[in-house]
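Student: Structure incoming, see below.
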Amino acid sequence: MFYGSFHLDIIFCSPAYIKNLNKIYRDKNKTTDILSFEFKEYDEDTYFIGELFICPAAAKKNSLNFKDFWDKEGWTQINKSEYLTDLANKDTTNKDTGYSDFDKEIILLLIHGILHLFGYDHEDDAENAQEMKELQNILYIDAVS
């Protein structure tokens, strides 16, 4: 167990910059919304978790493309079957959180990226992908409620 400070860098970058990173590190020649780079390095009493690169332009596009998804009640209804039992009983509908659709997208990207830093993978492991999605939903609901 590690005791001390934790450090995570969050870098907001342009579509061209994140596309270049995606090409170099994932061999995908396209813009993405977030990339996670795990470090797990120690320096004295600080644990460096990693870096999250977020493209606000891609996040904005996501929030516009999935506007209905970000409707709080609609999002809850779409995903209700995937919630754990305790989450299904939580009242998460019709609350004015004060977050814009863009804010919600950034929150979801941060949660998604952090889960990657802690070993969750949705591309190569179907079981892990389902667990990641469920945990992501729970953390998102808690973050915006």
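The values are calculated or read from the model by the stated rules, or taken from the named source; none is laboratory data. Please read all numbers here as calculations on a predicted model, not as lab measurements. Virtual Cβ from ideal backbone geometry, glycine too; neighbours counted across all protein chains shown.
Student: From Tyr120, Tyr99, which residue is assigned to a loop (DSSP other than H, G, I, E, B), modelled with pLDDT under 85 and aromatic (Phe, Trp, Tyr)?
Tutor: Sole residue among the options that is assigned to a loop (DSSP other than H, G, I, E, B), modelled with pLDDT under 85 and aromatic (Phe, Trp, Tyr): Tyr99.
Student: Taking the stretch 5-56, which residues are more than 15 Å from the chain's Cα centre (by Cα), surrounded by 12 or more Cβ atoms within 10 Å (Cβ to Cβ) and in a helix (DSSP H, G or I)?
Tutor: Once the filter is applied, which keeps residues that are more than 15 Å from the chain's Cα centre (by Cα), surrounded by 12 or more Cβ atoms within 10 Å (Cβ to Cβ) and in a helix (DSSP H, G or I), the stretch 5-56 yields Pro15, Tyr17, Ile18, Lys19, Asn20, Leu21, Asn22, Lys23, Arg26.
Student: Would a scan of the stretch 69-80 turn up a residue that is assigned to a loop (DSSP other than H, G, I, E, B) and modelled with pLDDT of 85 or more?
Tutor: Within the stretch 69-80, not a single residue is assigned to a loop (DSSP other than H, G, I, E, B) and modelled with pLDDT of 85 or more.
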